[in-house]
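Have a look at the structure below before the remarks.
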Amino acid sequence: MPIPNWTTTYFSAPALDAWQRAQTEEITLAEVAFLEQALLLAGAPKRLLDVPCGEARHAVELAKLGHRLTGIDIAPENQARALARATKAGVTIEHVVGDMRALPAEPAGPAFDGAYCWGNSFGYFPRAETQRFAAAVAGCLRSGARFIIDTATAAESLLVELNQRSWIPVDDELTLLLECGYDARESRLDTTYISVRNDRVVDRRTAHHFVFTSGEIVGMLDAAGFETLGLLADLDGSEYELGSERLLVIAERR
């Protein structure tokens, strides 16, 4: 069955806290190092788009390297977290509360030197809406600029062996129980995240990810005006293949 826009209600304190606790500084710095290389950021400072940016953990680290960051995210609470993180780090980022499918147009035309969509966000919406998102990103980027997608919900990763129920320890206090269902008509993964602390359920909420094959993603990017340069399985640059747990797409604006 079709679902409402779940992203407007999902991203509040309990879910954001759990995600924050799971993303260590080591993880963030490794991902930023990958983005530096994949986006070709050596040399002069670049203007970059992080969408959706969450609490801007990548954006802040990239700003510390001298780049100009704009982050867009639909959750007002993420804006407060992002700006607090930037202030603590002694940098400035631009943060816009908005829907990733409706990126604000630049008055003078494409102005960004690179963009990235991290943490499974590329599959938040059905194909037509995801296609519009890809086209909107392309409209923000200068010719030759790169766009990086990170997702663990590509079909070749997710559907080889879908665990319908799994426990994920976050830290010494918090454990997540994931209960997954798959809607074959919609090609949609429905995941209920149950937060357990001290043997007590403290939060329960459901997220939805539309599942695309890697070929479909390449096709959407092509239609949006990108050339896909690489499909990687991890930050180490290994090639993506059937059963890889993660897909990193490197695309370039034509």
| request: Would you mind finding the one in Asp150, Asp171, Asp113 that is touching a residue at least 12 places away in the same chain (Cβ under 8 Å), touching a Phe, Trp or Tyr at 6+ places or on another chain (Cβ under 8 Å) and of a type in the set (Asp, Glu)? | output: Asp150
| request: Considering each residue of the range 41-58, count those that are touching a residue at least 40 places away in the same chain (Cβ under 8 Å) and not aliphatic (A, V, I, L, M), and give that number. | output: 7
| Yes or no: Arg101 closer than 23 Å to Glu216 by Cα, under 21 Å from the mean Cα position of the chain (by Cα) and at pLDDT 95 or above? | no
| message | So, in the range 137-170, how many residues would count as being out of contact with any Asp or Glu (no Cβ under 7 Å at 6 or more places or on another chain), of a type in the set (Gly, Ala, Ser), crowded, with 19+ Cβ neighbours inside 10 Å and outside any helix (DSSP H, G or I)? | response | 1
| query | Would you call Glu61 buried (at least 22 other Cβ atoms within 10 Å of the Cβ), without any contact (Cβ under 8 Å) to a residue 60 or more places away in the chain and over 28 Å from Glu129 (Cβ atoms)? | reply | yes
| request: Using the structure shown, decide if Glu245 is exposed (fewer than 15 other Cβ atoms within 10 Å of the Cβ) and touching a Lys or Arg at 6+ places or on another chain (Cβ under 8 Å). | output: no
| said: Contact list please: Cβ distance under 7 Å, first residue in the range 192-214 and without any contact (Cβ under 8 Å) to a residue 12 or more places away in the chain, second residue surrounded by fewer than 19 Cβ atoms within 10 Å (Cβ to Cβ) and outside any loop (DSSP other than H, G, I, E, B), pairs at least six apart or on different chains. | reply: Val201/Ile194
| request: Being surrounded by fewer than 18 Cβ atoms within 10 Å (Cβ to Cβ) and of a type outside the set (S, T, N, Q) is the filter here, so list the residues in the range 208-224 that pass it. | output: Gly215, Glu216, Val218, Gly219, Asp222, Ala223
| Single residue of the range 21-40 satisfying the filter (surrounded by 14 or more Cβ atoms within 10 Å (Cβ to Cβ) and without any contact (Cβ under 8 Å) to a residue 60 or more places away in the chain) that is farthest from Gln79 (Cα to Cα) | Glu36
| remark: By residue number, the members of the range 102-121 that are within 23 Å of Leu248 (Cβ to Cβ) and either hydrophobic (A, V, I, L, M, F, W, C) or in contact with a Lys or Arg (Cβ under 6 Å, 6 or more places away or on another chain) (or both) are Leu103, Phe112, Asp113, Gly114, Ala115, Cys117, Trp118
| message | Criterion first (touching a His at 6+ places or on another chain (Cβ under 9 Å) and either over 28 Å from Leu39 (Cβ atoms) or not in a strand (DSSP E or B) (or both)) does Thr191 satisfy it? | response | yes
| field | Matching residues in the range 215-237 - criterion: being of a type outside the set (A, V, I, L, M), assigned to a loop (DSSP other than H, G, I, E, B) and either in contact (Cβ under 8 Å) with a residue 40 or more places away in the chain or within 18 Å of Leu158 (Cβ to Cβ) (or both) | value | Gly225, Asp234
| For the range 87-105, which residues satisfy the criterion of being more than 23 Å from Phe125 (Cβ to Cβ) and loosely packed, with under 14 Cβ neighbours inside 10 Å? | Thr87, Lys88, Gly90, Thr92
| query | In the range 178-201, how many residues are within 22 Å of Thr7 (Cβ to Cβ) and either surrounded by 13 or more Cβ atoms within 10 Å (Cβ to Cβ) or under 22 Å from the mean Cα position of the chain (by Cα) (or both)? | reply | 16
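The values are calculated or read from the model by the stated rules, or taken from the named source; none is laboratory data. None of these values were measured; they are calculated from a predicted model. Positions of Cβ are backbone-derived with ideal geometry, glycine not excepted, and every protein chain shown enters the neighbour counts.
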